[in-house]
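Here the structure comes first, spelled out in C-alpha coordinates, and everything after it is commentary.
The values are calculated or read from the model by the stated rules, or taken from the named source; none is laboratory data. Quick caveat: nothing in here was measured; it's all calculated off a predicted structure. Glycine also receives a Cβ, built like all others from the backbone with ideal geometry; neighbour counts cover every protein chain displayed.
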(Lines give C-alpha, C1' and ligand atoms only; values in the text may rest on other atoms or scores of the structure.)
Protein backbone atom coordinates (compact mmCIF):
# COMPACT_ATOMS: atom_id res chain seq x y z
CA UNK A 1 0.00 0.00 0.00
CA UNK A 2 1.30 3.42 -0.91
CA UNK A 3 1.19 5.88 1.90
CA UNK A 4 2.12 9.45 2.48
CA UNK A 5 3.01 10.75 5.81
CA UNK A 6 1.48 14.03 6.82
CA UNK A 7 3.44 16.69 8.58
CA UNK A 8 2.85 16.64 12.34
CA UNK A 9 4.08 19.50 14.46
CA UNK A 10 3.84 20.30 18.12
CA UNK A 11 3.99 24.07 18.54
CA UNK A 12 5.88 25.79 21.28
CA UNK A 13 3.56 27.19 23.90
CA UNK A 14 4.29 29.70 26.61
CA UNK A 15 2.36 28.45 29.60
CA UNK A 16 0.94 31.07 31.93
CA UNK A 17 -1.17 30.25 34.94
CA UNK A 18 -2.84 33.06 36.83
CA UNK A 19 -4.96 32.68 39.93
CA UNK A 20 -6.11 34.29 43.14
CA UNK A 21 -3.87 35.00 46.14
CA UNK A 22 -4.49 31.42 47.31
CA UNK A 23 -3.27 29.87 44.04
CA UNK A 24 0.22 29.40 42.65
CA UNK A 25 1.61 31.50 39.81
CA UNK A 26 3.77 29.63 37.28
CA UNK A 27 5.33 31.04 34.12
CA UNK A 28 7.73 29.59 31.55
CA UNK A 29 7.94 32.75 29.48
CA UNK A 30 11.31 33.87 30.96
CA UNK A 31 12.78 30.43 31.55
CA UNK A 32 15.42 28.98 29.24
CA UNK A 33 14.37 25.84 27.43
CA UNK A 34 15.99 24.29 24.39
CA UNK A 35 14.22 21.79 22.17
CA UNK A 36 13.61 20.55 18.66
CA UNK A 37 10.98 22.73 17.00
CA UNK A 38 8.94 19.63 16.10
CA UNK A 39 8.64 16.29 17.86
CA UNK A 40 7.78 14.56 14.58
CA UNK A 41 8.17 15.86 11.04
CA UNK A 42 8.62 14.59 7.48
CA UNK A 43 11.47 15.95 5.37
CA UNK A 44 11.95 15.74 1.59
CA UNK A 45 15.07 14.06 0.27
CA UNK A 46 15.78 15.68 -3.09
CA UNK A 47 18.31 14.71 -5.73
CA UNK A 48 19.96 18.10 -6.07
CA UNK A 49 19.64 19.36 -2.47
CA UNK A 50 22.60 18.39 -0.29
CA UNK A 51 21.09 18.99 3.14
CA UNK A 52 17.75 19.52 4.82
CA UNK A 53 17.42 21.25 8.20
CA UNK A 54 15.95 20.06 11.49
CA UNK A 55 15.50 23.21 13.61
CA UNK A 56 16.46 23.47 17.29
CA UNK A 57 15.03 26.46 19.16
CA UNK A 58 15.47 28.21 22.49
CA UNK A 59 12.85 30.15 24.42
CA UNK A 60 15.32 32.96 25.17
CA UNK A 61 18.36 34.67 23.68
CA UNK A 62 21.73 34.83 25.40
CA UNK A 63 24.72 37.13 24.88
CA UNK A 64 27.00 34.14 24.27
CA UNK A 65 27.10 31.11 21.98
CA UNK A 66 25.46 27.92 23.25
CA UNK A 67 26.64 24.56 21.90
CA UNK A 68 24.74 21.28 22.35
CA UNK A 69 25.34 17.70 21.32
CA UNK A 70 23.02 15.78 19.01
CA UNK A 71 22.89 12.01 19.32
CA UNK A 72 21.09 9.36 17.30
CA UNK A 73 18.72 7.10 19.24
CA UNK A 74 18.53 3.57 17.85
CA UNK A 75 15.21 2.74 19.49
CA UNK A 76 12.38 3.82 17.22
CA UNK A 77 14.66 4.34 14.20
CA UNK A 78 14.46 2.28 11.01
CA UNK A 79 16.56 4.54 8.80
CA UNK A 80 20.22 3.52 8.85
CA UNK A 81 22.94 6.10 9.44
CA UNK A 82 25.39 6.44 6.53
CA UNK A 83 23.04 4.39 4.36
CA UNK A 84 19.86 6.46 4.27
CA UNK A 85 21.16 9.64 5.90
CA UNK A 86 24.08 11.22 7.71
CA UNK A 87 24.44 14.22 10.00
CA UNK A 88 26.78 17.01 8.98
CA UNK A 89 27.78 17.35 12.63
CA UNK A 90 26.91 15.90 16.02
CA UNK A 91 26.79 19.36 17.58
CA UNK A 92 24.79 22.53 16.95
CA UNK A 93 25.48 26.08 18.14
CA UNK A 94 22.86 28.71 18.87
CA UNK A 95 24.73 31.96 18.25
CA UNK A 96 24.69 34.87 20.70
CA UNK A 97 21.52 36.92 20.29
CA UNK A 98 19.74 34.14 18.38
CA UNK A 99 17.16 31.53 19.30
CA UNK A 100 17.65 28.93 16.55
CA UNK A 101 20.20 26.56 15.12
CA UNK A 102 19.77 23.75 12.58
CA UNK A 103 20.83 20.14 12.51
CA UNK A 104 21.88 19.62 8.88
CA UNK A 105 21.08 16.19 7.48
CA UNK A 106 22.14 14.73 4.15
CA UNK A 107 19.54 12.33 2.76
CA UNK A 108 20.99 9.57 0.57
CA UNK A 109 18.62 9.96 -2.38
CA UNK A 110 19.73 6.87 -4.31
CA UNK A 111 19.36 4.58 -1.28
CA UNK A 112 15.77 5.52 -0.47
CA UNK A 113 12.93 3.73 -2.25
CA UNK A 114 10.21 5.64 -4.04
CA UNK A 115 7.58 4.68 -1.44
CA UNK A 116 9.83 4.36 1.62
CA UNK A 117 8.96 6.13 4.87
CA UNK A 118 12.12 5.71 6.95
CA UNK A 119 12.57 7.51 10.23
CA UNK A 120 15.30 8.16 12.77
CA UNK A 121 15.27 9.65 16.25
CA UNK A 122 17.54 12.41 17.52
CA UNK A 123 18.13 13.63 21.05
CA UNK A 124 19.75 16.79 22.37
CA UNK A 125 22.64 16.32 24.78
CA UNK A 126 22.30 19.12 27.33
CA UNK A 127 21.68 19.97 30.96
CA UNK A 128 18.38 18.46 32.12
CA UNK A 129 17.31 21.87 33.42
CA UNK A 130 17.01 23.03 29.79
CA UNK A 131 14.40 20.37 28.94
CA UNK A 132 10.87 21.79 28.77
CA UNK A 133 8.44 19.76 30.91
CA UNK A 134 6.08 17.54 28.89
CA UNK A 135 7.85 18.42 25.63
CA UNK A 136 11.10 16.51 25.89
CA UNK A 137 14.38 16.71 24.01
CA UNK A 138 13.84 14.23 21.19
CA UNK A 139 12.47 14.39 17.66
CA UNK A 140 11.70 11.85 14.97
CA UNK A 141 12.58 12.74 11.39
CA UNK A 142 10.89 10.80 8.58
CA UNK A 143 12.59 10.70 5.18
CA UNK A 144 10.40 11.01 2.09
CA UNK A 145 11.95 10.75 -1.35
CA UNK A 146 10.98 13.70 -3.53
CA UNK A 147 11.63 13.00 -7.20
CA UNK A 148 12.05 15.79 -9.74
CA UNK A 149 8.73 16.71 -11.36
CA UNK A 150 8.37 15.86 -15.04
CA UNK A 151 4.98 16.44 -16.68
CA UNK A 152 5.79 13.65 -19.15
CA UNK A 153 5.54 11.10 -16.32
CA UNK A 154 1.82 11.88 -16.24
CA UNK A 155 1.09 11.41 -19.91
CA UNK A 156 0.18 8.28 -21.85
CA UNK A 157 -2.00 5.43 -20.66
CA UNK A 158 -3.55 5.73 -17.22
CA UNK A 159 -5.86 3.55 -15.13
CA UNK A 160 -8.60 5.62 -13.51
CA UNK A 161 -10.33 4.15 -10.45
CA UNK A 162 -13.31 6.34 -9.56
CA UNK A 163 -15.80 6.24 -6.71
CA UNK A 164 -18.19 8.20 -8.94
CA UNK A 165 -18.14 5.29 -11.37
CA UNK A 166 -18.52 2.88 -8.46
CA UNK A 167 -21.75 4.64 -7.46
CA UNK A 168 -23.22 5.47 -10.88
CA UNK A 169 -21.74 3.28 -13.61
CA UNK A 170 -24.45 1.40 -15.48
CA UNK A 171 -22.04 -1.44 -16.33
CA UNK A 172 -20.82 -1.77 -12.75
CA UNK A 173 -17.21 -1.08 -13.73
CA UNK A 174 -15.42 1.55 -11.68
CA UNK A 175 -12.12 1.47 -13.59
CA UNK A 176 -11.27 2.93 -16.98
CA UNK A 177 -8.22 2.88 -19.20
CA UNK A 178 -7.73 6.42 -20.47
CA UNK A 179 -5.05 8.45 -22.22
CA UNK A 180 -3.58 11.76 -21.15
CA UNK A 181 -1.35 14.29 -22.90
CA UNK A 182 0.36 17.58 -22.15
CA UNK A 183 -1.69 20.66 -22.78
CA UNK A 184 -0.22 22.36 -25.86
CA UNK A 185 -0.21 25.81 -24.23
CA UNK A 186 -0.80 25.72 -20.47
CA UNK A 187 2.19 24.88 -18.27
CA UNK A 188 1.98 21.80 -16.01
CA UNK A 189 -1.47 20.92 -17.33
CA UNK A 190 -2.63 17.63 -18.82
CA UNK A 191 -5.69 16.77 -20.88
CA UNK A 192 -7.47 13.61 -19.74
CA UNK A 193 -9.29 12.19 -22.75
CA UNK A 194 -12.59 10.37 -22.14
CA UNK A 195 -12.07 10.75 -18.40
CA UNK A 196 -15.25 9.22 -16.93
CA UNK A 197 -17.18 8.99 -20.19
CA UNK A 198 -16.32 8.72 -23.87
CA UNK A 199 -16.27 12.01 -25.70
CA UNK A 200 -15.64 14.20 -22.64
CA UNK A 201 -12.16 15.52 -21.87
CA UNK A 202 -11.11 17.31 -18.68
CA UNK A 203 -7.89 19.05 -17.65
CA UNK A 204 -5.78 18.90 -14.49
CA UNK A 205 -3.02 21.26 -13.38
CA UNK A 206 0.01 20.12 -11.36
CA UNK A 207 1.54 22.31 -8.65
CA UNK A 208 5.00 20.90 -7.81
CA UNK A 209 6.43 23.97 -6.06
CA UNK A 210 6.32 22.52 -2.51
CA UNK A 211 8.05 19.10 -2.48
CA UNK A 212 6.19 18.24 0.73
CA UNK A 213 2.80 18.96 -0.78
CA UNK A 214 2.65 18.49 -4.55
CA UNK A 215 -1.01 18.88 -5.49
CA UNK A 216 -3.33 19.03 -8.48
CA UNK A 217 -6.34 21.20 -9.26
CA UNK A 218 -9.23 20.99 -11.72
CA UNK A 219 -10.69 24.15 -13.17
CA UNK A 220 -14.35 24.76 -12.31
CA UNK A 221 -17.09 24.20 -14.86
CA UNK A 222 -15.57 21.36 -16.85
CA UNK A 223 -18.04 18.96 -18.44
CA UNK A 224 -17.25 15.38 -17.46
CA UNK A 225 -20.30 13.69 -18.99
CA UNK A 226 -23.90 14.09 -20.03
CA UNK A 227 -26.41 13.27 -17.31
CA UNK A 228 -28.34 10.58 -19.15
CA UNK A 229 -25.33 8.25 -19.35
CA UNK A 230 -25.31 7.87 -15.56
CA UNK A 231 -28.65 9.13 -14.24
CA UNK A 232 -30.94 7.95 -17.04
CA UNK A 233 -32.44 11.41 -17.28
CA UNK A 234 -31.46 15.07 -17.19
CA UNK A 235 -31.98 17.06 -13.99
CA UNK A 236 -30.42 20.21 -15.43
CA UNK A 237 -28.92 21.08 -18.80
CA UNK A 238 -27.75 17.47 -19.31
CA UNK A 239 -24.19 18.13 -18.16
CA UNK A 240 -22.33 16.62 -15.22
CA UNK A 241 -19.78 19.25 -14.24
CA UNK A 242 -16.58 18.62 -12.30
CA UNK A 243 -14.05 20.58 -10.29
CA UNK A 244 -11.65 19.76 -7.44
CA UNK A 245 -13.26 19.24 -4.05
CA UNK A 246 -12.88 22.04 -1.53
CA UNK A 247 -13.14 19.48 1.28
CA UNK A 248 -10.03 17.42 0.54
CA UNK A 249 -6.59 17.94 -1.01
CA UNK A 250 -5.70 16.25 -4.29
CA UNK A 251 -2.10 14.99 -4.22
CA UNK A 252 0.25 13.59 -6.83
CA UNK A 253 3.43 11.51 -6.38
CA UNK A 254 6.29 12.28 -8.80
CA UNK A 255 8.23 9.16 -7.81
CA UNK A 256 5.40 6.81 -8.65
CA UNK A 257 3.51 8.60 -11.43
CA UNK A 258 0.15 8.37 -9.71
CA UNK A 259 -2.23 10.77 -8.02
CA UNK A 260 -5.22 10.92 -5.71
CA UNK A 261 -7.80 13.48 -6.78
CA UNK A 262 -10.93 14.48 -4.91
CA UNK A 263 -13.61 15.89 -7.20
CA UNK A 264 -16.94 17.61 -6.75
CA UNK A 265 -19.52 16.57 -9.33
CA UNK A 266 -22.48 18.89 -9.77
CA UNK A 267 -25.31 19.88 -12.10
CA UNK A 268 -26.46 23.30 -13.32
CA UNK A 269 -29.27 24.56 -15.49
CA UNK A 270 -28.54 27.67 -17.55
CA UNK A 271 -25.78 28.65 -15.14
CA UNK A 272 -27.88 28.18 -12.02
CA UNK A 273 -27.06 25.43 -9.52
CA UNK A 274 -29.36 22.41 -9.52
CA UNK A 275 -27.39 20.49 -6.93
CA UNK A 276 -24.22 18.64 -6.01
CA UNK A 277 -23.99 15.00 -6.98
CA UNK A 278 -21.25 14.46 -4.38
CA UNK A 279 -17.55 14.53 -3.60
CA UNK A 280 -15.73 11.55 -5.04
CA UNK A 281 -12.29 9.98 -4.54
CA UNK A 282 -10.35 8.99 -7.64
CA UNK A 283 -6.99 7.29 -8.20
CA UNK A 284 -5.06 7.74 -11.43
CA UNK A 285 -2.00 5.57 -12.07
CA UNK A 286 0.08 5.78 -15.24
CA UNK A 287 1.19 2.54 -16.84
CA UNK A 288 3.33 1.42 -19.78
CA UNK A 289 1.99 0.90 -23.28
CA UNK A 290 2.65 -2.84 -22.85
CA UNK A 291 0.59 -3.01 -19.66
CA UNK A 292 -2.19 -1.04 -21.35
CA UNK A 293 -2.32 -3.53 -24.22
CA UNK A 294 -2.51 -6.40 -21.73
CA UNK A 295 -5.42 -4.74 -19.94
CA UNK A 296 -7.24 -4.24 -23.23
CA UNK A 297 -6.86 -7.89 -24.20
CA UNK A 298 -7.22 -9.65 -20.82
CA UNK A 299 -9.50 -7.26 -18.95
CA UNK A 300 -11.41 -5.71 -21.81
CA UNK A 301 -10.59 -2.20 -20.65
Query raised in the report: Taking the condition in a loop (DSSP other than H, G, I, E, B), in contact with a strand residue (DSSP E or B) (Cβ under 7 Å, 6 or more places away or on another chain) and touching a residue at least 12 places away in the same chain (Cβ under 8 Å), does residue 50 pass?
Result: yes
**Report entry** Considering residues of region 274-288 that are more than 16 Å from residue 254 (Cα to Cα) and within 17 Å of the chain's Cα centre (by Cα) only, the residue surrounded by the most Cβ atoms within 10 Å (Cβ to Cβ)
**Finding:** 282
Requested in this report: Tell me, please, whether a residue that is in a helix (DSSP H, G or I), touching a strand residue (DSSP E or B) at 6+ places or on another chain (Cβ under 9 Å) and over 18 Å from residue 155 (Cβ atoms) can be found in region 290-301.
Outcome: yes
Query raised in the report: How many residues, within region 87-105, are in a strand (DSSP E or B), more than 21 Å from the chain's Cα centre (by Cα) and either closer than 17 Å to residue 49 by Cβ or outside the structural domain of residue 77 (by TED's automatic domain parsing) (or both)?
Result: 4
Report task. Please enumerate the residues belonging to region 111-128 that are touching a residue at least 40 places away in the same chain (Cβ under 8 Å) and either in a helix (DSSP H, G or I) or within 27 Å of the chain's Cα centre (by Cα) (or both). Result -> 112, 114, 115, 117, 118, 119, 120, 121, 122, 123
Query raised in the report: Can you tell me which of 161, 171 is within 22 Å of residue 295 (Cα to Cα), modelled with pLDDT under 95 and surrounded by fewer than 16 Cβ atoms within 10 Å (Cβ to Cβ)?
Result: 171
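When residues of region 155-170 are filtered for being within 14 Å of residue 225 (Cβ to Cβ) and without any contact (Cβ under 8 Å) to a residue 40 or more places away in the chain, how many remain? If you could, list the steps in order and put the result at the bottom.
Our first condition is that a residue be within 14 Å of residue 225 (Cβ to Cβ); within region 155-170, this holds for 160, 162, 164-165, 167-170.
Restricting the remaining residues to those that are without any contact (Cβ under 8 Å) to a residue 40 or more places away in the chain gives 165.
Here the count works out to 1.
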Query raised in the report: What number of residues within region 213-247 are without any contact (Cβ under 8 Å) to a residue 60 or more places away in the chain, under 26 Å from residue 156 (Cβ atoms) and in a loop (DSSP other than H, G, I, E, B)?
Result: 4
**Report entry** Residue pairs meeting the criteria (Cβ under 9 Å; at least 6 apart or on separate chains; first closer than 11 Å to residue 123 by Cβ, in region 67-89; second at pLDDT 95 or above and part of a loop (DSSP other than H, G, I, E, B))
**Finding:** 68/126; 69/90; 69/126; 70/89; 70/90; 71/90; 72/90
Query raised in the report: Of the numbered conditions (1) at pLDDT 95 or above; (2) more than 23 Å from residue 231 (Cα to Cα); (3) touching a helix residue (DSSP H, G or I) at 6+ places or on another chain (Cβ under 9 Å); (4) surrounded by 16 or more Cβ atoms within 10 Å (Cβ to Cβ), residue 179 satisfies every one except a single condition; which is it?
Result: (4)
Report task. From 210, 226, grab the single residue that is modelled with pLDDT under 95 and in the same structural domain as residue 293 (by TED's automatic domain parsing). Result -> 210
